[in-house]
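Engineer: My questions all concern the structure below.
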Amino acid sequence: MISNNLSSYLEIGPSSFVSLVGAGGKTTTMFRLAHELSDRGLRVITTTTTAIQMPSKNQTPLVLTREEIEQKADYLSEALEKYRHVTIVGTIARKDKLLGVDFDFLQRVKDIADSVIAEADGARHKLIKAPAEHEPAVPPYTTHFVAIASLKALGMPLSEACHRPEEGQKLACMDPSLPLTVEAFAKILGSPLGILKGKPEVIRSYLLLTALSQDNKLEAEEIARRVVSTNRNGFDLIIGVDKEGGLVVL
């Protein structure tokens with residue numbers, strides 16, 4: 001077991017732009033990192049390039065739309081000084097769905113904060129993700145690429161566990177009705193066309209395996225070993241995250 005400060009292990013600090021991709025914990029990870037960084041005194045923007053649900057007050061103290069930010073000069077900087085953490089979105093499609101912001105707008109506002117953390121992928125609440133041709137939506141100025149997958153997917157039919165199961169079927173070379181094995185799980189995570197797709201060159205990259213437990217720790221370690229052997233340049237660090245938020249380097 002290691003320190004529970006995830007932002008320290010991901011080497012996130014001032015001038016960081018973090019893009020989160022995959023499935024099975026992006027939103028939880030985004031707000032966890034934001035709280036850790038704001039507790040260190042940094043001004044943090046959380047956002048999305050796709051869509052998110054309306055966050056709770058425990059997750060973020062303030063949600064601002066692009067229109068609100070553009071209507072008043074210094075509105076975002078004043079909000080960051082007051083709250084240390086602000087979530088920005090494009091528009092509010094409905095009360096449970098917030099649409100994302102485009103790359104150009106994010107580039108204009110990102111330096112107002114010390115750090116930006118963005119959900120850069122959609123997953124429809126699935127546990128593992130195999131991206132389509134147009135995914136993920138990772139800005140080119142990303143400094144930290146963080147891929148996420150839930151170990152709860154192990155043993156479930158690929159068709160149920162995976163967002164874009166037709167893509168997952170190609171990557172894992174398996175019938176989508178069959179249970180997801182360690183080997184298939186690792187193929188989706190290790191392939192350059194899988195969860196690593198869209199990673200900008202020469203940046204820090206990490207893999208988080210969520211839902212780690214004593215029951216699946218050996219499987220998680222085997223997945224990490226297979227991912228590294230499949231793509232040695234894929235991830236700088238692979239970390240397991242248990243249900244209490246505890247961290248284990250795999």
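Engineer: Out of ALA147, ALA118, ALA123, report the one residue that is touching a residue at least 40 places away in the same chain (Cβ under 8 Å), surrounded by 22 or more Cβ atoms within 10 Å (Cβ to Cβ), within 15 Å of the chain's Cα centre (by Cα) and part of a loop (DSSP other than H, G, I, E, B). Reasoning before the result, please.
Structural biologist: On the way: ALA147 fails: part of a loop (DSSP other than H, G, I, E, B); ALA118 fails: part of a loop (DSSP other than H, G, I, E, B).
The match here is ALA123.
Engineer: Would you check if LEU171 is open to solvent by 30 Å² or more (accessible area, probe 1.4 Å) and of a type outside the set (S, T, N, Q)?
Structural biologist: yes
Engineer: Also, quick follow-up: Give the number of residues within the range 126-137 that are open to solvent by 10 Å² or more (accessible area, probe 1.4 Å) and of a type in the set (Lys, Arg).
Structural biologist: 1
Engineer: If only one of LEU180, LEU193, LEU207 is aliphatic (A, V, I, L, M), within 19 Å of GLU135 (Cα to Cα) and modelled with pLDDT of 95 or more, which one is it?
Structural biologist: Details: LEU180 fails: within 19 Å of GLU135 (Cα to Cα); LEU193 fails: modelled with pLDDT of 95 or more.
Sole residue among the options that is aliphatic (A, V, I, L, M), within 19 Å of GLU135 (Cα to Cα) and modelled with pLDDT of 95 or more: LEU207.
Engineer: Do you know which of the residues in the range 64-76 that are in contact with a Phe, Trp or Tyr (Cβ under 9 Å, 6 or more places away or on another chain), within 26 Å of VAL21 (Cβ to Cβ) and not in a strand (DSSP E or B) is most open to solvent (accessible area, probe 1.4 Å)?
Structural biologist: That would be ARG66.
Engineer: Still on this structure, please answer the following. In the range 153-164, how many are out of contact with any Cys (no Cβ under 8 Å at 6 or more places or on another chain) and either crowded, with 19+ Cβ neighbours inside 10 Å or of a type in the set (A, V, I, L, M, F, W, C) (or both)? Outline the logic, then answer.
Structural biologist: Kept after step one, since they are out of contact with any Cys (no Cβ under 8 Å at 6 or more places or on another chain), are these residues of the range 153-164: 154-164.
Keeping just the survivors that are either crowded, with 19+ Cβ neighbours inside 10 Å or of a type in the set (A, V, I, L, M, F, W, C) (or both) gives 154, 156, 158, 161-164.
Qualifying residue count, the range 153-164: 7.
Engineer: OK, next. Out of LYS129, LYS110, I need the residue that is more than 16 Å from PHE31 (Cα to Cα) and touching a Phe, Trp or Tyr at 6+ places or on another chain (Cβ under 7 Å). Which one?
Structural biologist: Answer to the selection: LYS110.
Engineer: Here's a follow-up. Quick check on ALA79: is it crowded, with 21+ Cβ neighbours inside 10 Å, closer than 19 Å to SER205 by Cβ, in contact with a Leu (Cβ under 8 Å, 6 or more places away or on another chain) and of a type outside the set (Lys, Arg)?
Structural biologist: In short, no.
Engineer: Looking at the range 17-38, which of its residues are touching a Pro at 6+ places or on another chain (Cβ under 7 Å) and aliphatic (A, V, I, L, M)?
Structural biologist: VAL21
Engineer: So, of the residues in the range 88-112 that are under 19 Å from the mean Cα position of the chain (by Cα) and closer than 16 Å to VAL44 by Cβ, which turns out to be surrounded by the fewest Cβ atoms within 10 Å (Cβ to Cβ)?
Structural biologist: LYS110
Engineer: If you check SER56 against the conditions, is it exposed (fewer than 15 other Cβ atoms within 10 Å of the Cβ) and either in contact with a Gly (Cβ under 6 Å, 6 or more places away or on another chain) or under 25 Å from PRO140 (Cβ atoms) (or both)?
Structural biologist: No.
Engineer: Which residue pairs have Cβ atoms under 7 Å apart, sit 6 or more places apart or on different chains, and have a first residue in the range 27-41 that is farther than 18 Å from LYS82 by Cβ and a second that is in a helix (DSSP H, G or I) and not polar (S, T, N, Q)?
Structural biologist: Short answer, once both residue conditions are applied: ARG32/LEU6; LEU33/LEU6; GLU36/LEU6.
The values are calculated or read from the model by the stated rules, or taken from the named source; none is laboratory data. What you see is a predicted model; the values in this text were computed from it and never measured. Cβ sites come from the backbone with ideal geometry, for glycine too, and all protein chains shown count toward neighbours. Heads up: the accessible areas ignore ligands, DNA and RNA and are worked out on the full protein's heavy atoms, side chains in. Shrake-Rupley method; radii C 1.70, N 1.55, O 1.52, S 1.80 Å.
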